[in-house]
1. Once amide H atoms are built 1.01 Å from N in the peptide plane, which residues 5 or more positions from R411, or in another chain, come under 5 Å H to H?
2. Nearest 0.05, what FRET efficiency do D67 and E254 give at R0 = 51 Å with Cβ-Cβ as r?
3. To the nearest 0.05, what FRET efficiency results for A309 and K153 with a Förster distance of 22 Å applied to their C-beta separation?
4. Quick one: give the max-minus-min coordinate of the C-alpha atoms of the stretch 217-260 along each principal axis, largest first, in Å.
5. Over its Cα atoms, what ratio of radius of gyration to 2.2 N^0.38 Å does the stretch 25-149 give?
6. Just the number, please: carbon plus sulfur as a percent of the accessible area of the stretch 41-117, 1.4 Å probe, no ligands or DNA/RNA counted.
7. Quick check: pseudo-label points 7 Å beyond the Cα along Cα→Cβ at E176 and D358, how many nm apart are they?
8. Using the Karplus curve 6.51 cos²θ - 1.76 cosθ + 1.60 with θ = phi - 60°, work out ³J(HN,Hα) for each residue of the stretch 32-39 in order, rounded to whole Hz, and write x for Gly and Pro.
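The values are calculated or read from the model by the stated rules, or taken from the named source; none is laboratory data. On a predicted model such as this, the values are computed, not experimentally measured, just so you know. When we count neighbours, we look across all protein chains shown, and the Cβ atoms used for this are built from the backbone with ideal geometry, even at glycine. Remember, those area values only see protein heavy atoms, side chains included, never the ligands or the DNA or RNA. Shrake-Rupley method; radii C 1.70, N 1.55, O 1.52, S 1.80 Å.
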Amino acid sequence: MEITRASPSYPHPFKAIDGCMFKEVHTRNGSCDQKLCNFLPRIISEVTVDDGAEETKRLLLGGVRQDGTPLPEIEVAGSELGTFNWLIDRWGADCVLEIGPNIRDSVRYAIQMTAPDAEHQTIYEVTGWKKINGEWHFLMPGGAGLTVRLPGKLGRYSFPEAGALEDLYPLAELLEHPPAPREVMWPLLAYTFLSPLNCFLRMADCEPKFLILFLGRTGSGKSTLSALLLSFFGHFTPSDLPISFRDTKNSIGECCAMLNDVLTCVDDFHPSSRREEQELVEKAQMLARAYGDRVGRGRLRADATLMPARPPRGNAILTAEQTPEIGESGLARCLTVELRPGDLDLEAQQSFAAQGRDGVYRRCMALFTQWLKGRFLSCDEDEQAFVKFLRGIFEDYREAFRRSGIHCHGRLPEIVAWLRIGMGLVLGFLNEADVLSAEKTQAYRLEFASLLYGIARTQAQCIEQDKPAHIFVRKLYALIESGQATVLPKSNPFSCSAKDLIAYDDDEYYYLLNDAAHRAVKKLCEDQGELFVIGSRNLPKALAEENLIDCGDGGNTRSIRVGSRTVRVVALNKERAKAIVEEGMP
């Protein structure tokens, strides 16, 4: 048989005869050729796969069939090579291993012996900054010099090889005349340009730990704007956003772990049933924790050894038609931005979207990362100075917000600081490129800070209203005022068995029967299609933390006399509870 160019050569004692692999063996009667398989495999390339947490080896295999036709090139994990479980699935049933002891080991050995002639390459299955041979590179599919591979819809992420100065003017136009109000568009743009800074903020021990909850009714254009923002990192449309709430939790987690130092979007929190709402809320809670804490999920390999954790290192926008019921802690890890009907200028948006499809914004972001590299990362000393600079301005912005007097959750000053860093760096970039004047750059910085403070003030009020203890009090008063629950005077000794009894009262307190009151509020929430996330055992503690109850000697409950009975109750202060109800009124 004529040997083709794809036919491998094997070292002694292996050989290729008529398109089959043989091994020379020695017996009592002399040497003979033992057939091992009816194809000729070889290693084309040894691939090192770097997923950002660890490196693994994969082999690109090729070869020829017995009839001389080439085998398709396939990729096999190094640990799977000797099992040959991949053989029939990848190369077909006509590729046959002979019967006999040590056949598999012999073929595996012969394949490995072709490695010296194989190419060697590294494939990155992660985006973002990585220091390679002492030089910083921003990993993206399509970028020059390095191979980056992302699966499925993540393959839409890509960078061009180069950009030009004129590509920056559309970005300046997007800042000056955005297609949505500035209080919507500017925080989203700041978040977009904060993403490539995550790596160095992490080195400065102040990695961004929040995500943006992008609210809007159906048809308001939130997915359209999200696609526009993602066009700084790839080619996306409203119907092709990289992640959806309909994806599985594991799939969402794996995709987020691959997307370092870039922006992504988890689209369409819109439950259509009570059961689906619980499932989607679990995913929203997982994302809030993952991006709010930056802690990866611990996992074990098949041999029970620990795998490296892979927390998300990029930034994420969650689009939703309603606020997910993820509790005070979950919402504190989010900045809420709302797009109302009519906010989106469709004509302007279509113009900006066309530029996104043409790759203008990807070229802008590529230029931004090149500017960061040249401006701040040219040597170790510059890198250390950049990290120290980021830490310093983060602390300055955070303390400035704390001195503003806005009463809020402890995370909100940090969120404001991170967004100011993102906006400050992109404005500085445009100013150094002579696209924005120094006067306009400073005016934008001041306007953005004022705008953020307003958003933060509104968000702080929303978080207060969404505290489980506050929700409980408002729902409790709704039950009492509508007559759906019974409250009897503490002085009445003949009413212990009244239907729907949830409390006794006097002029100063509602003496709540904890389990009954919790059960009634939880049922009201369920009837209204809402979640009430706190359990009956933790309810008194939550009320005590908000100073809504007066505790007894035994903790958060006290004993009272009702007629001839002693009853254990939670003493809800009427005056303080009424203030919560009135605060939540429109």
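1. none
2. Efficiency, rounded to the nearest 0.05: 0.80.
3. Values: r = 24 Å, r/R0 = 1.10.
Computed FRET efficiency for A309 and K153 comes out at 0.35.
4. Taking the Cα atoms of the stretch 217-260, the three principal extents are 29, 23, 13 Å.
5. So the Cα radius of gyration is 1.34 times the expected 2.2 N^0.38 Å.
6. Its accessible area is 47 percent carbon and sulfur atoms.
7. 1.7 nm
8. Values per residue, Gly and Pro as x: 8, 9, 9, 6, 9, 7, 9, 8 Hz.
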